[in-house]
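**Student:** Supplied in structure tokens, the structure appears directly below.
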Amino acid sequence: MTRTLTRLAAPAALTLPALTLLATPAFAHTGLHGFGFAAGLSHPFSGLDHMLVMAGIGIWAAQLGGRNLWLVPVAFVGTMLLGAGLALVGSPLPQVELGIAGSVIAIGLLISLGTKLPSAAASALVALMALFHGHAHGTELPAMASAWGYAAGFVLSTAMLHVIGLGLGFVTFKYTRPAVLKIVGLLTMMAGGAMVAGL
């Protein structure tokens with residue numbers, strides 16, 4: 001059973017960051033058309049930058065363990081909503097795309113090194129990342145769409161990506177060699193570097 005899980009975990013954990021190496025830098029801020037909940041639900045899945053960071057938050061939370069399993073994802077989602085609110089009221093945030101690409105590099109580094117931080121520091125760090133992602137979400141609110149429905153959609157999809165990351169983190173951490181997570185982190189960092197180079 002353990003061998004089977006090991007065989008499954010490593011490819012699964014490597015799939016998401018590996019996909020970024022096969023594509024040109026892709027950003028989630030593409031003027032997505034749609035309305036309300038459906039648009040919000042699909043928005044985090046429209047760019048590899050969002051997907052890598054949100055799944056990566058789950059992986060890192062699994063590495064941290066304890067109350068960080070829920071505290072770190074909640075900090076991300078809560079601050080993401082704040083960032084979206086800033087965008088919706090017209091408050092600018094400088095270098096959003098660079099901040100998002102930087103967050104891809106940062107989460108990859110944290111995963112690769114298995115960085116352990118106190119809960120407050122870990123939450124503050126992911127909150128900083130979330131501010132940029134949330135602002136991008138808010139900026140892309142489709143015309144005539146319900147802001148509440150849109151927010152509910154991207155919160156749900158973000159939570160889904162966190163849960164996917166938590167699952168990958170648990171399975172990989174428990175049933176594979178530690179080097180697998182180092183490789184996941186390195187590939188994520190490389191993807192972030194490609195995104196920065198494409199700005």
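The values are calculated or read from the model by the stated rules, or taken from the named source; none is laboratory data. Small disclaimer: the values here were computed from a predicted structure and weren't measured. Cβ placement follows ideal geometry from the backbone for every residue including glycine, while neighbour counts extend to all protein chains displayed. Please note that ligands, DNA and RNA were not included when accessible areas were found on the heavy atoms of the full protein model with its side chains. Shrake-Rupley method; radii C 1.70, N 1.55, O 1.52, S 1.80 Å.
**Student:** Report yes if residue 103 is over 14 Å from the mean Cα position of the chain (by Cα), modelled with pLDDT of 95 or more and polar (S, T, N, Q), otherwise no.
**Tutor:** no
**Student:** Going by what's in this entry, would residue 173 be described as buried (at least 20 other Cβ atoms within 10 Å of the Cβ) and in a helix (DSSP H, G or I)?
**Tutor:** When the stated conditions are applied, residue 173 does not pass them.
**Student:** Give the residues of the range 147-170 that are at pLDDT below 90 and either touching a Cys at 6+ places or on another chain (Cβ under 8 Å) or exposed (fewer than 15 other Cβ atoms within 10 Å of the Cβ) (or both), sorted by residue number.
**Tutor:** Once the filter is applied, which keeps residues that are at pLDDT below 90 and either touching a Cys at 6+ places or on another chain (Cβ under 8 Å) or exposed (fewer than 15 other Cβ atoms within 10 Å of the Cβ) (or both), the range 147-170 yields nothing.
**Student:** Kindly indicate the residue of the range 102-125 that is closer than 15 Å to residue 49 by Cβ and of a type outside the set (Gly, Ala, Ser) and also most open to solvent (accessible area, probe 1.4 Å) among those meeting that condition.
**Tutor:** 105
**Student:** Quick check on the range 187-196. Is at least one of its residues open to solvent by less than 50 Å² (accessible area, probe 1.4 Å), over 20 Å from residue 98 (Cβ atoms), of a type outside the set (D, E, K, R) and assigned to a helix (DSSP H, G or I)?
**Tutor:** So far as the range 187-196 goes, yes, one or more of its residues are open to solvent by less than 50 Å² (accessible area, probe 1.4 Å), over 20 Å from residue 98 (Cβ atoms), of a type outside the set (D, E, K, R) and assigned to a helix (DSSP H, G or I).
**Student:** Cβ-Cβ distance below 6 Å, separation of 6 or more or different chains: which pairs start in the range 178-198 with a residue that is modelled with pLDDT of 90 or more and end on one that is outside any helix (DSSP H, G or I)?
**Tutor:** 194/25; 195/25
**Student:** Provide a single number: the residues in the range 41-90 that are among the acidic types (Asp, Glu) and open to solvent by 40 Å² or more (accessible area, probe 1.4 Å).
**Tutor:** Selection size over the range 41-90: 0.
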